[in-house]
Amino acid sequence: MKTNVTTVLSLLLGMASTTWGEVDSFEENSGLCSWIFFGFCALIVISPLLPAIMMMTGMAKGAAKSAKTPEVKAAK
């Protein structure tokens with residue numbers, strides 16, 4: 001019986017440890033300026049993708065166009 005009580009008690013205390021971790025947490029009050037800064041950084045990172053996407057679509061269109069047109073052999 002004592003073993004069951006200690007087992008249940010250790011399980012309850014083990015589950016409560018994750019709740020105590022939340023006590024010392026703090027709320028981050030990042031303002032509008034920091035969100036604008038992060039958005040600007042994201043634009044700098046994402047902006048090189050636009051030319052790459054345009055180039056890939058152009059290459060895909062060219063490959064599809066060359067696959068559709070039959071080759072015409074010159075008569076000798």
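The values are calculated or read from the model by the stated rules, or taken from the named source; none is laboratory data. Since we're looking at a predicted model, the values are computed, not measured. Heads up, the Cβs are rebuilt from the backbone with ideal geometry, glycines too, and the neighbour counts pull from every protein chain shown.
Side notes on the structure shown:
- Within segment 20-33, the set of residues being at pLDDT below 70 and either in a loop (DSSP other than H, G, I, E, B) or in contact with a strand residue (DSSP E or B) (Cβ under 8 Å, 6 or more places away or on another chain) (or both) comprises Gly21, Glu22, Val23, Asp24, Ser25, Phe26, Glu27, Glu28.
- Residues that are of a type outside the set (S, T, N, Q) and either touching a residue at least 60 places away in the same chain (Cβ under 8 Å) or not in a helix (DSSP H, G or I) (or both) within segment 34-60 comprise just one, Pro48.
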